[in-house]
């Protein structure tokens, strides 16, 4: 998965329901590990954020910005952005 190429970065996670922002998280991480549909953001060898990608039907590369990904399912959306 292309997300594993990002290392020692910062990520912004925007969670939406019916196009309304309901939560936002910004974290620094050392690496990303993907295993059986789960995305783990790792810092200092510890999991700091876990995302179950199986909850989302579509995973797309966003066209609005560079380093921008969109995960969707019905009314739920997660935007992943690496500034």
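Scan region 44-56 residue by residue and report those that are part of a strand (DSSP E or B) and in contact with a strand residue (DSSP E or B) (Cβ under 8 Å, 6 or more places away or on another chain).
47, 48, 49, 50, 51, 52
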If I ask for residues that are assigned to a strand (DSSP E or B) and either within 15 Å of residue 2 (Cα to Cα) or out of contact with any strand residue (DSSP E or B) (no Cβ under 7 Å at 6 or more places or on another chain) (or both), which ones from region 21-43 would you list?
31, 32, 33, 34, 35, 38, 39, 40, 41
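Hey, among 59, 70, which residue is in a strand (DSSP E or B), surrounded by 10 or more Cβ atoms within 10 Å (Cβ to Cβ), in contact with a helix residue (DSSP H, G or I) (Cβ under 9 Å, 6 or more places away or on another chain) and without any contact (Cβ under 8 Å) to a residue 24 or more places away in the chain?
Details: 70 fails: in contact with a helix residue (DSSP H, G or I) (Cβ under 9 Å, 6 or more places away or on another chain).
After applying the criteria, what remains is 59.
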Scanning for something under 10 Å from the mean Cα position of the chain (by Cα) and within 12 Å of residue 11 (Cα to Cα), does region 59-71 turn up at least one residue?
yes
For region 44-56, which positions are closer than 16 Å to residue 7 by Cα and surrounded by 15 or more Cβ atoms within 10 Å (Cβ to Cβ)?
49
Would you pick out the residues in region 18-38 that are touching a helix residue (DSSP H, G or I) at 6+ places or on another chain (Cβ under 6 Å) and at pLDDT 95 or above?
32
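The values are calculated or read from the model by the stated rules, or taken from the named source; none is laboratory data. Not measured: the values here are computed from a predicted model. Methodologically, a virtual Cβ is constructed for each residue, glycine included, from the backbone with ideal geometry; neighbour enumeration extends over all protein chains shown.
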